[in-house]
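Q: Questions regarding the structure given below will be posed in turn.
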Amino acid sequence: MIDWRKSGHGAVVSRAGLLSDGTGLVVPSRRNSAHARLESTVSTQFDFVWQLLRRFGLSRSDADDATQQVFMILARRLPSIEPGRERAFLYGTARRVFANARRGLRRRREADEGSAPDALSETDLPDDLVEQGRARTLLDTLLGELAEPLRRVLVLAEVEQLSVPEIAALEGIPLGTASSRLRRAREVFRELLAQARDRNPFDSGEK
Amino acid sequence: MTPNDLDELSKKLFDAARNERATNDVLSRTLRSSLAAARTENRSRVPVIVTAVAFAAGVAGLVWFGERSVTSTSIVREKVSGRPAAATPTSNPRETPRQPSDVPTATIPSKRVATSRSSSSTERAPASLSEELALLESARTALANGSSERALELLDRYERSLRGTHLRAEASILRLEALAKAGRNVEAAALAREFVNENPGSPFVDRARFFAGGEEGPEHRDSGRAP
């Protein structure tokens, strides 16, 4: 706990140390560094969390909301999270938040174009972006057909581009299990993709 | 379909996934709400005595920020006056040399205090994400209001003063838009080509290409479509 003493000038100082910008203002250094840590964590992990939630199966706007939830949970618990363990905490939280979201919402993948951030209609977008949107729609359909444990490791490997040891650590499974699960996920995904291509040879705007 | 085709298609699908990002707006509100959540949590742990100068003024400033996104310099000016540092009389020459109206807003007064600059400080901490977001939001608003010159000023400040690192790509695209609006199309085209060359994997490449103009050769385009 921070030990507060009132100085003779009515300012508040912490035993942990003064932090001054040269203007004579002192600020509680503990709070300052806690805020810095939170901001830095949000800054570095935001995309990681959002992309997880999105590819686990949430629409853009649901992923937006869920991401916000995840970081608010982190914010409240940060003091008890060991430095360096933020991503692990975020991953576990994202999984839980996703599970809750999925229980509460219908998955709206078919309604979500996965198009450019400014959400213009397809006719306004340059071709490249339309194609990317279609690619994502196909991807989400295929991922949705995978069992969740397989989907998760595949997303971690292919979207987040994590190594097998990193995946094993986040999932809390042995290295060998992670490795075989990922192999299996890739096999099944490939199979699903082949089937999809056979059904729709001109889908996804492939050149 | 051959295995290679499958691999290529698979790669393409995941590339498209990696290119998808939330908007800055979402990042912004995520940051704000998590900082607010942390403050609420913190408040319950800290003794009541802490409702002194720094905290009360800081909360007032933070609540202000929470209620409005920073979208204009007038708000920036008022926000600055709410900061604890402004409540403390100072004649210290190391206080930021810029005018209060020029000071970009940050969500955390204490964080800003810790990083307020002086040329003699050994290490100027990299720009906080909040500062960068606030500055880019101001630039975006200026542009929306038709002030492309003002937007470019703010973007220059982003480059030089904050030495922003988090949102460089966004800043570049915003600069392209501002240059185009200001009629400086040749500069926009040159900057756009540079961006495309240096950031081939960026999610913003398509938007940058849009500005690269008709001078852009076919070797830079996948589809050969008009800009």
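The values are calculated or read from the model by the stated rules, or taken from the named source; none is laboratory data. As the structure is a prediction and not an experimental result, all values here were calculated from the model. As a convention, Cβ positions derive from the backbone with ideal geometry for all residues, glycine included, and neighbour counts pool all protein chains shown. Side chains included, ligands, DNA and RNA excluded: accessible areas come from the protein's heavy atoms. Shrake-Rupley method; radii C 1.70, N 1.55, O 1.52, S 1.80 Å.
Q: Of all the residues that make up segment B:154-173, how many are at pLDDT 85 or above and either more than 22 Å from A:Thr44 (Cβ to Cβ) or small (Gly, Ala, Ser) (or both)?
A: Counting residues in segment B:154-173 that are at pLDDT 85 or above and either more than 22 Å from A:Thr44 (Cβ to Cβ) or small (Gly, Ala, Ser) (or both) gives 5.
Q: Also: Please verify whether A:Ala66 is of a type in the set (A, V, I, L, M), facing chain B (nearest Cβ under 9 Å) and open to solvent by less than 70 Å² (accessible area, probe 1.4 Å), treating the condition exactly as stated. Break it down into steps so the answer makes sense when it comes.
A: Working: of a type in the set (A, V, I, L, M): yes; facing chain B (nearest Cβ under 9 Å): no; open to solvent by less than 70 Å² (accessible area, probe 1.4 Å): yes.
Here the answer is no, as A:Ala66 does not meet what is asked.
Q: Looking at segment A:81-102, can you tell me whether even one residue there is away from every other protein chain (no Cβ under 14 Å), in a helix (DSSP H, G or I), more than 19 Å from A:Asp47 (Cα to Cα) and at pLDDT below 70?
A: Checked against the condition, which is being away from every other protein chain (no Cβ under 14 Å), in a helix (DSSP H, G or I), more than 19 Å from A:Asp47 (Cα to Cα) and at pLDDT below 70, segment A:81-102 yields no hits at all.
Q: Please count how many residues of segment A:30-50 are facing chain B (nearest Cβ under 8 Å), over 16 Å from the mean Cα position of the chain (by Cα) and surrounded by fewer than 23 Cβ atoms within 10 Å (Cβ to Cβ).
A: 3
Q: Answer yes or no as to whether A:Leu146 is in contact (Cβ under 8 Å) with a residue 24 or more places away in the chain and either of a type in the set (Phe, Trp, Tyr) or surrounded by fewer than 20 Cβ atoms within 10 Å (Cβ to Cβ) (or both).
A: yes
Q: Any residue in segment A:52-63 that is in contact (Cβ under 8 Å) with a residue 24 or more places away in the chain and within 11 Å of A:Arg152 (Cα to Cα) sitting within a Cβ distance under 9 Å of a residue that is open to solvent by less than 10 Å² (accessible area, probe 1.4 Å) and outside any helix (DSSP H, G or I)? List the pairs, counting only those 6 or more apart or interchain.
A: From residues that are in contact (Cβ under 8 Å) with a residue 24 or more places away in the chain and within 11 Å of A:Arg152 (Cα to Cα), the pairs are A:Arg55/B:Glu20.
Q: So which residues in segment A:70-80 are under 11 Å from the mean Cα position of the chain (by Cα) and either within 21 Å of A:Pro165 (Cα to Cα) or more than 7 Å from chain B (Cβ to nearest Cβ) (or both)?
A: Listed by number, the list holds a single entry, A:Val70.
Q: Right, here's the next one. State which residue is nearest to A:Arg152 (Cα to Cα) when the search covers only segment B:14-29 and only residues that are open to solvent by less than 20 Å² (accessible area, probe 1.4 Å) and part of a loop (DSSP other than H, G, I, E, B).
A: B:Glu20
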